[in-house]
Amino acid sequence: MELGRFARHRRLRSTESLRRLVRETELTPAHLVYPMFVEAGLSGRSPIPSMPGQARLGLDALADEARSLVRLGIGGVMLFGLPAAKDETGSGAWAASGIVQQAIPRIKEAAPDLVVIGDVCLCEYTSHGHCGPLAPNGSVDNDAALPLLAETAVSLARAGCDVIAPSDMMDGRVLAIRQALDLAGFAMTPILSYAAKFASGFYGPFREAADSAPAFGDRRGYQMDPANARMAINEVLADIDQGADMVMVKPALPYLDVIRAVREAVTVPLAAYNVSGEYSMLMAAAERGWVDEHRVINETLTAIRRAGADIIITYHAKQWAARR
Ligand code: PBG
């Protein structure tokens, strides 16, 4: 027993300087990654109604945005594309002139030290909105998706992307992407795998933002069942075995126990995605004056770090960094 009967727990809480001295969890902008939606054909910014304070950006708005993220000390950006056209296979995802392929060099030129992470998934590019091509029975064809995901990863690396982040939840995609990157001369490009991605209702606002809602059915056939934590470890171990340099748990807040379990099971850097529904819920309450916006953002991001995440992908990044 470490604490004697003379312990007064309040002693170390009595001033801000003492509280700061004994604080266990640190949150800095360097830990944060800001997601950006880049829309083909758009000029400037177009607000996203379901995500107050967030906007889709045109190519011409990227340089300024990247520079302001650097000024705030934010660690990186995660890129999502809204293509001019969609098709059955999602070919806009790997087109050399695709929207994200055009966005990357603009960001790298304006902000060379900002880590640019490319989300690899087909759902924003397929006409049916699923994360891979469809088999004749209407299910997503896992093995047919693999070469398309690999080609997408290589095309993003060619455009100058620093980190490749597959979010589709197909089995074997990390290995397929690792092999394709190595073969194409990108052996040094790391993979951040969305390893434990749950089939979540909290993606709702994102699907409006990225125009990626499935046209029929849902994603429960490939994303994880929210009830399963042990299975998340299986996903993480498999992805590390296939070459993932970093892994992710997504969403964050309803899955803090999974973040903690992954943190204890593996030693690679761990990211958590504080997703659109988590963001919009908090912002809606703040708009009504029911919670103090900055305070609950700070508490939320601190909790995700405390659970064990090294990196937090969050729409709050700019607001939080500007006011801390
Ligand atoms: C694409 C993808 C999604 C998100 C990130 N990448 C949506 C989905 O799986 O439906 C969600 C991000 C968010 O809600 O903020 N596969």
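The values are calculated or read from the model by the stated rules, or taken from the named source; none is laboratory data. Keep in mind that what you see is a predicted model, and the values were worked out from it rather than measured. Using ideal geometry, Cβ is built from the backbone for each residue, glycine included, and neighbour counts are taken over all protein chains shown.
Would you mind finding the one in TYR194, TYR203 that is within 8 Å of the ligand (Cβ to nearest atom), in a helix (DSSP H, G or I), touching a residue at least 24 places away in the same chain (Cβ under 8 Å) and hydroxyl-bearing (Ser, Thr, Tyr)? Show your work before the answer.
Numbers: TYR194 fails: in a helix (DSSP H, G or I).
Exactly one residue qualifies, and that residue is TYR203.
Within the set SER17, SER97, SER46, the sole residue that is of a type outside the set (Lys, Arg) and closer than 30 Å to ALA135 by Cβ turns out to be SER97.
How about region 18-62: which of its residues are farther than 14 Å from VAL100 by Cα and among the aliphatic types (A, V, I, L, M)? Walk me through it before giving the result.
Of the residues in region 18-62, the ones farther than 14 Å from VAL100 by Cα are 18-34, 43-55.
Within region 18-62, LEU18, LEU21, VAL22, LEU27, ALA30, LEU32, VAL33, ILE48, MET51, ALA55 qualify.
In region 107-125, which residues are touching a strand residue (DSSP E or B) at 6+ places or on another chain (Cβ under 8 Å) and either within 10 Å of the ligand (Cβ to nearest atom) or of a type in the set (Asp, Glu) (or both)? Give the derivation first.
So the first thing to find is which residues in region 107-125 are touching a strand residue (DSSP E or B) at 6+ places or on another chain (Cβ under 8 Å), and the list is 107-108, 114-121, 124-125.
Across region 107-125, the qualifying residues are ASP119, VAL120, CYS121, GLU124.
If the condition is being free of Cβ contacts under 8 Å to residues at least 40 places away in the same chain, within 16 Å of the ligand (Cβ to nearest atom) and among the small types (Gly, Ala, Ser), then region 206-231 contributes no residue at all. Of the residues making up region 86-101, those that are assigned to a loop (DSSP other than H, G, I, E, B) and either at pLDDT below 95 or in contact with a Phe, Trp or Tyr (Cβ under 7 Å, 6 or more places away or on another chain) (or both) are LYS86, GLU88, THR89, GLY90.
Hand me the list of helices (runs of 4 or more DSSP H) wholly inside region 207-324 holding 1 or more residues that are surrounded by fewer than 16 Cβ atoms within 10 Å (Cβ to Cβ) and touching a Pro at 6+ places or on another chain (Cβ under 8 Å).
276-287
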